[in-house]
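Sharing a structure below in structure tokens format, with a few things to ask.
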Amino acid sequence: MEEEAFDAIIVGAGLAGCVAAYVLAKEGADVLVIERGNYAGSKNMTGGRLYAHSLEKIIPGFAKEAPVERKVTKEKVTFLTDDTGVTLDYHNGRSQTSTQESYTVLRGDFDQWLMAKAEEVGAQFITGIRVDELITKDGKVVGVNADGDELIAKAVILAEGVNPVLGEKLGMVKPKVNADAMAVGAKELIELPKEVIQDRFNLSDDEGAAWLFAGSPSNGLMGGGFIYTNQTTVSLGIVCGLHDIGSSDKTVPQMLEDFKNHSIIKPLLEGGKLLEYSGHVVPEAGLNMVPKLVDDGVLITGDAAGFCLNIGYTVRGMDLAIASGEAAAKAVLTARANKDFSAQGLSSYQTLLEDSFVMKDLKLYKNLPAFMETPRIFNEYPKMVADIMQSMFTVDGSESQPLRKTLMKHCKEVGYMNLIKDGIKGVTAI
């Protein structure tokens, strides 16, 4: 049976799975990827923005051939109330190295390209098949049962996404989706002519915009809205903490509808055609939800491992998934060289992650998920900022007040102690 075994079977053909397959196959390993969707990326949903650094190190110059949409040069963050918006707008006209760049992407196209790259170097893919069970022998994972067929492997990499059923069955991942650790997202893909997108978002050529919103998009609850510009489409959506849904007087679809019809957003989408509507669960708890990552014959990568970082002004998951897929592949290659696929033999996976930005960034921002639970960030502070702006820019003939008194008046409504407390908590969290 040993001679017939794959070096690795990978469950899931998202970014982590495809990258692991690419790295393994490039080094001559016999690797099979099993994807339950009809094609790589068919189940994946992202805002979505890819920070290039982790894939650039694996496939240098990938953006020249990959189906990326636009290079992000404009960043916006907006505090939004039902009838106002205060925006921080940053345009980066400086040159960047290839590892500093980021791109808007559509996962259906991008993941298929990455799958093809892995196939070029020898990886095998089966799509449209679900892995029902992991095969274990003497406590060690030795293969998978996929649609009734038993397939044997020296190591299994679980890259099965945010709802890691197989990882739960092994006891490596906490059972069931935990509402305190997850958010739910809804997204629309809206088609517009390329020239219209560039005019409305003040873009040129292949420039792209990434725009995040806090406040009314998530109905004042933990979460927010997003817009990313693609070549001929706009990705627009909202994310809301799962644990807050029960206290909301709006459904998630209604939040998205109201966001689209906000006076700031509606003109940007006028005349657009809805191409896709999708929903997905998003890991939000950072380091607190990272499971046991390696055991005898098995490793966990990507969203299945909770590798996602939302720090308010950037939302990251794809670069972490790619780096974790690479680390898992390297660990399997080391185990293959040593002919030891035990937990100890695969333990370099944990070491590689600890030495990389993946675990370092998760540890740096470990207190941020708790800070994001502060409700004032999503209701009182957007209103406070809007009220200050309204006072500053309204001239109606009444007696003017010193600016400090104007600021103090609106800050007092939130509470000075709340501002100090949240400020300290926020600064220490980032």
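The values are calculated or read from the model by the stated rules, or taken from the named source; none is laboratory data. Remember, it's a predicted structure, so these values are computed and weren't measured experimentally. In this analysis, Cβ positions are derived from the backbone assuming ideal geometry, glycine residues included, and neighbour counts consider all displayed protein chains. Note: areas computed on protein heavy atoms with side chains; ligands, DNA, RNA excluded. Shrake-Rupley method; radii C 1.70, N 1.55, O 1.52, S 1.80 Å.
For every other residue with a beta carbon closer than 14 angstrom to the beta carbon of E326, add +1 if it is Lys or Arg and -1 if Asp or Glu, then tell me the sum.
0
Now for a different question. What does the charge count near S263 come to, summing +1 for each Lys or Arg and -1 for each Asp or Glu among other residues with Cβ under 13 Å from its Cβ? Please report the intermediate quantities before stating the final value.
Working: positive: K260, K266; negative: D82, D83, D258, E270.
Counting the neighbours of S263, the net charge comes to -2.
If the chain between T406 and S263 were fully stretched, how many nm would it gain, using 0.36 nm times the residue separation less the Cα-Cα distance?
Between T406 and S263, full extension yields 48.9 nm more.
Something else: Can you give the local net charge around M222? Use residues other than it whose beta-carbon is closer than 15 angstrom to its beta-carbon, Lys and Arg +1, Asp and Glu -1.
Neighbourhood net charge equals -3.
Another question about this same structure. Based solely on its DSSP helices, what 222 nm [θ] is calculated for the chain when runs of n ≥ 4 H residues each add -39,500 (n - 2.57) and the sum is averaged over all residues, nearest 500 deg cm²/dmol?
Only helices count here, giving -9500 deg cm²/dmol.
Looking at the chain as a GNM with Cα springs under 10 Å, which of G215, G122, G185 has the largest mean-square fluctuation?
Per the Cα network of the chain with a 10 Å cutoff, G122 tops the list.
I've got another one for you. Please give the contour-minus-distance gain from M389 to D180: 0.36 nm per residue of separation, less the Cα-Cα distance, rounded to one decimal in nm. Don't skip to the end; give the middle numbers.
Numbers: separation 209, 0.36 × 209 = 75.24 nm, distance 3.42 nm.
Once the chain is fully extended between M389 and D180, it gains 71.8 nm.
Let me ask something additional. In the full protein assembly as shown, how much of I227 is accessible to a 1.4 Å probe, in Å² to the nearest 10?
Approximately 0 Å² for this residue.
Give the shape of segment 31-120 as rounded, prolate or oblate, defined through the alpha-carbon gyration tensor: a ≥ b ≥ c are the square roots of its eigenvalues, a/c under 1.5 means rounded, and otherwise the shape is prolate if a/b is larger than b/c and oblate if not. Don't jump to the answer; show the numbers that get you there.
On the way: a/c = 3.57, a/b = 1.56, b/c = 2.28.
Oblate.
Would you mind getting the Kirkwood hydrodynamic radius of segment 180-283 from its Cα pairs, rounded to one decimal in Å?
Across segment 180-283, the inverse of the average 1/r is 14.0 Å.
Looking only at R404, R200, R36, which one moves most when the chain is put into a Gaussian network model with springs between Cα atoms under 10 Å?
Maximum among the listed residues: R404.
Please find the FRET efficiency linking L364 to Q100, where r is the Cβ-Cβ separation and R0 is fixed at 22 Å, and quote it to the nearest 0.05.
According to the calculation, E is roughly 0.70.
With only alpha-carbon pairs counted, each pair once and no self-pairs, how large is the Kirkwood hydrodynamic radius of segment 346-430 in angstroms?
Kirkwood radius, segment 346-430: 16.0 Å.
Using the Karplus curve 6.51 cos²θ - 1.76 cosθ + 1.60 with θ = phi - 60°, work out ³J(HN,Hα) for each residue of segment 323-340 in order, rounded to whole Hz, and write x for Gly and Pro.
Those phi angles translate into 5, 5, x, 5, 5, 4, 5, 5, 5, 5, 5, 5, 5, 5, 5, 8, 6, 9 Hz.
When DSSP beta bridges are limited to those with both residues in the chain, what percentage is antiparallel, rounded to the nearest 5?
If we restrict to bridges inside the chain, about 70 percent are antiparallel.
Picking from I420, I135, I300, which is most flexible by a Gaussian network model of the chain using Cα springs under 10 Å?
Result for the chain, Cα springs under 10 Å: I420 fluctuates most.
Between segment 107-163 and segment 287-305, what is the C-alpha centre distance in whole Å?
Value for the Cα centre distance between the two parts: 16 Å.
Ranked from highest to lowest mean number of other Cβ atoms within 10 Å per residue, what is the order of the peptides 150-162, 78-90, 16-28, 326-338?
Taking the mean over residues of other Cβ atoms within 10 Å, the ranking is 16-28, 150-162, 326-338, 78-90.
Between Y39 and E120, what FRET efficiency comes out of the Förster formula 1/(1 + (r/R0)^6) with R0 = 22 Å and r the beta carbon distance, rounded to 0.05?
0.85
Rounded, prolate or oblate for segment 127-254? Axes are the square roots of the Cα gyration tensor eigenvalues, ordered a ≥ b ≥ c, and the cut-off for rounded is a/c under 1.5.
oblate
At 0.36 nm per residue, minus the direct Cα-Cα distance, what do T428 and R200 gain on full extension? Give it in nm, one decimal, please.
Contour length minus Cα-Cα distance gives 78.3 nm.
What is the distance, in nm, between label points placed 7 Å from the Cα along the Cα-to-Cβ direction at Q231 and at K169?
4.0
Relative contact order for the chain using alpha-carbon pairs under 8 Å, separation at least 6, rounded to a whole percent?
20
Over 28 Å between Cα atoms: which of K57/K140; K366/K421; K43/K292; K71/K266 fall into that group?
K57/K140
I need the phi-derived Karplus couplings for segment 100-115: 6.51 cos²θ - 1.76 cosθ + 1.60, θ = phi - 60°, integer Hz, Gly and Pro marked x.
Result, rounded to whole Hz: 9, 7, 9, 9, 7, 9, 10, 4, x, 7, 5, 5, 5, 5, 5, 4.
Once you keep just the Cα pairs under 8 angstrom separated by 6 or more residues, what percentage relative contact order results for segment 172-263?
Relative contact order of segment 172-263: 34 percent.
Equivalent ellipsoid semi-axes for the chain, as square roots of 5 times the alpha carbon gyration tensor eigenvalues: give them largest first, rounded to whole Å.
Whole-Å semi-axes of the equivalent ellipsoid: 42, 23, 19.
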